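Below is one structure, written out as structure tokens; the observations come after it.
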Amino acid sequence: MNSSTNQPFVLGMDVSFMDEIEQHGGTYRDVDGKEEDLLTILKLNDTNAIRLRIWNDPVGGYCNLERTVEVAKRIKALGLQFLLDFHYSDRWADPANQWKPKAWENLSYEQLKLAVCTYTADVLRTLKEHDALPDMVQVGNEITPGMLWDDGRVGGEEHDTDEQWQRFAGLVKYGIAAVKSVDPSIQIMIHIDRGGDNAESRKFYDRFEALGVEFDVIGLSYYPWWHGTLDALRDNLNDLAKRYGKPINVVETAYPWTLEQPEGIEWIMNQEDMLLPGYPATVEGQTRYLKDMLQIIREVPGGLGHGFYYWEPAWIPSKEEWSVGHPNNWGNLTMFDFKGRKLESFKALTAAQELNVTTFV
């Protein structure tokens, strides 16, 4: 168990694309080739938590409230923990994109705060009605440069002002208040993208601390080709734990199991020089990466290593074009092969789960 929170070490997976894959005929298999429900395969292979993103009104009709309810019911039926990630957008929200949903584009700042509050509460009440309430909620996704631009924008010199930080924090506080109004036991994660960048991580969380943003868990994205070495991750996690005393979750990560590109496909991570030294783009290299990264999280001081979520381990290239408007560029960063068969890299989770049982109980 995690000594700081008395919760199991999180071995999580973000499978937000699963719904679209299933609806269009994509399937999954365990190593024996037997076709099986993806969530069942994950649970049988030591996953204990699932993360889903939610978009306000996405063009493709996936990751909206209606579809989130259906998937969330399946997650809860299997007894898995559930993390819901509010993007507060109709599409991707990340450090380069934090655009308001279309329905909110013309709202004043005061109206925008109320919209965040009302929407967040409505989503959670709907999930509660279906016995599918999340255990944890992210108020925003990779919100390093703020969210709901330009009202809550803080990235870049022009927007990095005390006034803009106050506006940004105000939006987040309204989201947090909405969550707690539905169920005070739901934990709040605040998620940025700087897994290996201690200076920027401290700048962000220092600001939120000074502005009185109350939350439970620090969430970081860590992709080595963007965010630095495993040593940089370790140094950042250890410093943040000592500095803020909050549990920390590496809530997004991935590593390639191949660099082979099928004809007509170009991966987002496709070059040898983007790999970590000693971690080849093989199933064995992916397994080693996961084991070593999980060990770093476990060793965070004070038992504050909360766990991790692998980002889209099941986004197999079963379609040429997706509802999000671009081709699959992630199929070599999954934990399933191109045909949906589970890779042996799940052994890293099994090893970590054994530690859950033998070390922390």
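The values are calculated or read from the model by the stated rules, or taken from the named source; none is laboratory data. This is a predicted model, so every value here is computed, not measured. Note: ideal-geometry Cβ built from the backbone for every residue, glycine included; neighbour counts use all protein chains shown. Note: accessible area is taken over every heavy atom of the protein model, side chains too, but ligands, DNA and RNA are not part of it. Shrake-Rupley method; radii C 1.70, N 1.55, O 1.52, S 1.80 Å.
Which log10 I(q)/I(0) values does the stretch 108-267 give at q = 0.13, 0.15, 0.18 Å⁻¹ under the Debye formula, counting every alpha carbon as one identical point scatterer?
Relative scattering, expressed as log10 I(q)/I(0), comes to -0.69, -0.87, -1.11.
Per DSSP H run of n ≥ 4, the term is -39500 (n - 2.57); total these for the chain, divide by its residue number, and report the mean residue ellipticity at 222 nm rounded to 500 deg cm²/dmol.
Working: 10 runs with 129 residues, N = 361.
Helix contribution divided over all residues of the chain: -11500 deg cm²/dmol.
Work out the charge dipole of the chain with +1 on the Cβ of Lys and Arg and -1 on the Cβ of Asp and Glu about the Cα centre, then indicate which of Y174, P224, L112 is farthest towards its positive end.
Y174
Tell me, what is the percent relative contact order of the stretch 20-355, built from C-alpha pairs under 8 Å that lie six or more residues apart? Write out the running numbers ahead of the final one.
Working: 619 pairs, mean separation 53.1, N = 336.
Relative contact order comes out at 16 percent.
Debye calculation, C-alpha points only, no solvent: report log10 I(q)/I(0) for the stretch 1-103 at q = 0.11, 0.13, 0.15, 0.21 Å⁻¹, in the same order as the q values.
-0.40, -0.55, -0.71, -1.12
Find, among the GluC sites (Glu not before Pro) in the stretch 90-141, those assigned to loop by DSSP (not H, G, I, E, B) with at most 16 other beta-carbon atoms within 10 angstrom.
On the way: sites: E105, E110, E129; in loops: E105.
Here the GluC sites (Glu not before Pro) that fit, given the DSSP loop and packing criteria, are E105.
On a full-extension model of 0.36 nm per residue, what is the gain between Q166 and E260, subtracting their alpha-carbon distance, rounded to one decimal in nm? Provide the component values of the computation, followed by the final result.
Details: separation 94, 0.36 × 94 = 33.84 nm, distance 4.66 nm.
Extra length available between Q166 and E260 comes to 29.2 nm.
Any idea of the accessible area per residue across the chain, 1.4 Å probe, to the nearest Å²? Numbers along the way, then the final one.
On the way: 14550 Å² over 361 residues.
Here the per-residue accessible area is 40 Å².
Given R₀ = 22 Å, FRET efficiency for A103-V59 by Cβ-Cβ distance, to 0.05?
After rounding, the FRET efficiency stands at 0.95.
Using 20 Å as the Cα-Cα cut-off, could you pick out the over-long pairs in K100/K173; K43/K342; K100/K128; K128/K246?
Details: K100/K173 17 Å; K43/K342 13 Å; K100/K128 26 Å; K128/K246 27 Å.
Pairs exceeding 20 Å: K100/K128; K128/K246.
For the stretch 129-236, run through the chymotrypsin sites (Phe, Trp or Tyr not before Pro) and keep only the ones in DSSP coil with at most 15 other Cβ atoms within 10 Å of their Cβ.
none
Scaled to the compact-protein estimate 2.2 N^0.38 Å, what is the alpha-carbon radius of gyration of the chain, rounded to two decimal places?
Working: Rg = 19.3 Å, N = 361, 2.2 N^0.38 = 20.6 Å.
Normalised by 2.2 N^0.38 Å, the Cα Rg of the chain equals 0.94.
Hey, got the dipole for the stretch 134-221? About the Cα centre, +1 on K and R Cβ, -1 on D and E Cβ, debye to the nearest 20?
200
Of the options P277, H87, S318, report the single residue whose Cα projects farthest towards the positive end of the charge dipole of the chain (beta-carbon charges: Lys, Arg +1; Asp, Glu -1).
Final value for the positive-end residue is H87.
What is the gain in length, in nm to one decimal, between D216 and A96 on full extension, counting 0.36 nm per residue of separation less the C-alpha to C-alpha distance? The partial results should precede the final answer.
Values: separation 120, 0.36 × 120 = 43.20 nm, distance 2.55 nm.
Here the segment from D216 to A96 would lengthen by 40.7 nm.
Between Q271 and E209, what is the label-point separation in nm under the 7 Å Cα-to-beta-carbon projection?
It works out to 3.7 nm between the two label points.
Tally up the carbon and sulfur contribution to the accessible surface of the chain as a whole percent, 1.4 Å probe, everything protein left in place. Working shown, then result.
Details: 6870 of 14550 Å².
Of all accessible area on the chain, carbon and sulfur atoms account for 47 percent.
Compute, for the chain, the length of the dipole vector about the Cα centre, with Cβ point charges of +1 (Lys, Arg) and -1 (Asp, Glu) only. Units Debye, rounded to 20.
On the way: 35 positive and 56 negative charges, 204 e Å.
Rounded to the nearest 20 debye, it is 980 debye.
Which loop-located GluC sites (Glu not before Pro) does the stretch 167-261 contain, where loop means any DSSP state but H, G, I, E or B and the Cβ has at most 13 other Cβ atoms within 10 Å?
Details: sites: E200, E209, E214, E252, E260; in loops: E214, E260.
For GluC sites (Glu not before Pro) across the stretch 167-261 that sit outside H, G, I, E and B with at most 13 neighbouring Cβ atoms in 10 Å, the list reads E214, E260.
Work out the P(r) tail for the stretch 292-361: percent of alpha carbon pairs separated by more than 19 Å, whole number.
Working: 1158 of 2415 pairs.
Of the Cα pairs, 48 percent sit more than 19 Å apart.
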